[in-house]
Amino acid sequence: MRPLKIAILISGTGTNAKRLIQFEPLANISKFVLISTKNNQDICEFCSTKSIKYIELLNGSDGLNEEIASVCLEEEVTHIVLAGFLKKISPSLIQTYKNRILNLHPSLLPKFGGKGMFGRHVHQAVYEANERESGITIHEVSEIYDEGRIVAQFKVPISEEDSAENIENKVRLLEYEYFPQTVFHFVIG
């Protein structure tokens, strides 16, 4: 079996990416490359301290998937993990990494998924729908936003007093607790 190498794709602060990299069981069995679609000095410095290759692809959507595929091929990536990545993954990249691309979504899919449903938008929609629970869904990436096979879901209750911000904080705690271990189990098969 060839060594595991995980490409972590981000479009934000990289908080979940850091947790993945620092999760000892995962770090013990794999290497990482981090790809960001935004300039991110903090995550760049973090990767430098961990001797992890950090790449910024800032040219927008045109050619982004081809650049990601090129990096993944060059770096001999075995799995891709989307950790706050907001760009659409191309069908060709999905096919190349069939059943090896994982995404974290901040709601209990199929509710509150799809194009434009990310971050605070999701939590506001959950709040406005008066849901009594929310959570995270970790799923394989398919050609349709947030419709890939669900690998795991974790729930948190919502009270009538919870605001969208409270819901976001509760869901973030689930991400921190469960995302790294779910990725670990996914990549080891």
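Within segment 76-91, can you find the residues that are of a type outside the set (Ser, Thr, Tyr) and assigned to a loop (DSSP other than H, G, I, E, B)?
Answer for segment 76-91, where residues must be of a type outside the set (Ser, Thr, Tyr) and assigned to a loop (DSSP other than H, G, I, E, B): GLU76, VAL77, ALA83, GLY84, PHE85, LEU86, LYS87, LYS88, ILE89.
Among the residues of segment 40-47, is any in a strand (DSSP E or B) and over 16 Å from ASN103 (Cα atoms)?
no
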Exercise for the section: Might you let me know whether segment 138-156 holds any residue that is more than 20 Å from ILE8 (Cα to Cα) and of a type in the set (Ser, Thr, Tyr)? Expected result: no
Scanning segment 93-102 for residues that are over 23 Å from MET117 (Cα atoms) and not in a loop (DSSP other than H, G, I, E, B) gives GLN95, THR96
Check your understanding: Just wondering, is there one or more residues in segment 130-147 that are part of a loop (DSSP other than H, G, I, E, B), in contact (Cβ under 8 Å) with a residue 40 or more places away in the chain and acidic (Asp, Glu)?
Key -> yes
The number of residues in segment 26-39 that are in a helix (DSSP H, G or I) and within 17 Å of the chain's Cα centre (by Cα) is 2
Within segment 173-189, the residues that are farther than 14 Å from ILE101 by Cα, free of Cβ contacts under 8 Å to residues at least 40 places away in the same chain and out of contact with any Phe, Trp or Tyr (no Cβ under 8 Å at 6 or more places or on another chain) are LEU173
query: Among the residues of segment 179-187, is there at least one that is at negative phi, touching a His at 6+ places or on another chain (Cβ under 7 Å) and modelled with pLDDT of 95 or more?
result: yes
TYR178: passes all of (1) over 27 Å from LEU4 (Cα atoms); (2) touching a strand residue (DSSP E or B) at 6+ places or on another chain (Cβ under 6 Å); (3) not hydrophobic (A, V, I, L, M, F, W, C) but (1)
Those residues of segment 88-119 which are in contact with a helix residue (DSSP H, G or I) (Cβ under 6 Å, 6 or more places away or on another chain) and of a type outside the set (Ser, Thr, Tyr) amount to LEU93, LEU102, LEU104, PRO106, PHE112
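The values are calculated or read from the model by the stated rules, or taken from the named source; none is laboratory data. This is a predicted model, so every value here is computed, not measured. Quick reminder, even Gly has a Cβ in these numbers, built from the backbone with ideal geometry, and neighbours come from all protein chains shown.
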